[in-house]
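Laboratory data are not the source of any read-out in this text; all were calculated from the coordinates shown. Source: prediction; values computed, not measured. Neighbour counts run over all protein chains shown; Cβ positions are idealised from the backbone, glycine included.
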Amino acid sequence: MAIGGGSAMDTAKAVGIIINNPEFSDVRSLEGVAPTKSHAVFTIAVPTTAGTAAEVTINYVITDVEKKRKFVCVDTNDIPEVAVVDPDMMSSMPKGLTASTGMDALTHAIEGYITKGACAISDMFHLEAIRLISQSLRGAVAGTPEGREGMALGQYIAGMGFSNVGLGIVHSMAHGLSALYDTPHGVACAIILPYGLEYNAPAAGKRYRAVGKAMGVEGIDSMSDDDAAKATIAAVKKLSADVGIPADLKGILKEEDIQFLSDSAFADACCPGNPRDTNVEEIKALYRSMM
Ligand SMILES: NC(=O)c1ccc[n+]([C@@H]2O[C@H](COP(=O)([O-])OP(=O)(O)OC[C@H]3O[C@@H](n4cnc5c(N)ncnc54)[C@H](O)[C@@H]3O)[C@@H](O)[C@H]2O)c1
Ligand SMILES: [Fe+2]
């Protein structure tokens, strides 16, 4: 049984894979798409945060403390057989953890909706997840049962989507910050998300209207594409600010780490899914814009 947040569930997924695929006993050999032959040991996953959806995804994320990086393993053999998604298991989360894990879930839904591999089926999951999360996160942070319930379902539905199609550079760039500075994953995602959306607008901006609509942005149907994209990004920023997430990486990101972080982000398994083709120089500029 894997009971806990994404860190506990991901660890359990890696352990379950290695037990049944002992030739991959060094977890580093599982980075990216790993050609394992056997399914992980039978696993029941019980999330206690409302964010990662690790209970339903084909991914697990491991921190390599020696190399100061996090890496993503992608393997259909790691999906738990049973997921017990119960908001009562999440009710002990303090406000800050509720907010950051909830913004991680919103990031999954939005990055999953604009990722290169998005399709009609994943769109369905992502738009419903965006609607539920936008409607529920403020309430969940305030501790209402309806908010907690909406977040438990919303984060899970987001996982049903992105697990099939991938994410983008918001996740690629977030992973390094957690490995280097211990920034909580959801905080890193939430801070980077609006910057990532602005950067990706030339490639995916036309899709932002549907995101804004799912978030409940008023009057978005009658806006130009450009205004609809701006209103959507503003709604993301407002939700993040309302739940207490900082607006930038001031006090977190150090100039001397930008090269290493950008190289890591470009090599990250989530990067190829980004809707706009990118490179290390552009990722460096994006990090700098957040300082
Ligand atoms: N597998 C995936 O598809 C996937 C997707 C996104 C993120 N991740 C990974 O998941 C990890 C983050 O997981 P997370 O955001 O759930 O946080 P976490 O699992 O790291 O937990 C954060 C802290 O909250 C505590 N905690 C957990 N549940 C609690 C509860 N109900 N009440 C009080 N405290 C509680 C934990 O003990 C820990 O101290 C990162 O490594 C991230 O990269 C995985
Ligand atoms: Fe995430």
Within segment 273-291, tally of residues that are surrounded by 17 or more Cβ atoms within 10 Å (Cβ to Cβ) and either assigned to a helix (DSSP H, G or I) or acidic (D, E) (or both)
5
Listed by first then second residue, the pairs whose first member lies in segment 65-89 and is surrounded by fewer than 17 Cβ atoms within 10 Å (Cβ to Cβ), whose partner is assigned to a loop (DSSP other than H, G, I, E, B), with beta carbons under 7 Å and at least 6 positions apart or on separate chains, are T76/I58; E81/F42; E81/T43
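Residue-by-condition table, conditions (1) surrounded by 22 or more Cβ atoms within 10 Å (Cβ to Cβ); (2) within 18 Å of the chain's Cα centre (by Cα):
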residue: D182; (1), (2): no, yes
residue: H185; (1), (2): yes, yes
residue: Y208; (1), (2): yes, yes
residue: G216; (1), (2): no, no
residue: S222; (1), (2): no, no
residue: A234; (1), (2): no, no
residue: G251; (1), (2): no, no
residue: L261; (1), (2): yes, yes
Failed item in (1) among the aliphatic types (A, V, I, L, M); (2) within 16 Å of ligand 2 (Cβ to nearest atom); (3) in a loop (DSSP other than H, G, I, E, B), with I62 passing the rest
(3)
Which is in contact (Cβ under 8 Å) with a residue 24 or more places away in the chain, among the hydrophobic types (A, V, I, L, M, F, W, C) and under 22 Å from L137 (Cα atoms), of V165, V187, V217?
V187
Hey, any hits in segment 70-84 for a residue that's basic (K, R), under 20 Å from the mean Cα position of the chain (by Cα) and within 16 Å of ligand 2 (Cβ to nearest atom)?
yes
Based on what the data block shows, is I114 in contact with a Lys or Arg (Cβ under 6 Å, 6 or more places away or on another chain) and of a type in the set (A, V, I, L, M, F, W, C)?
yes
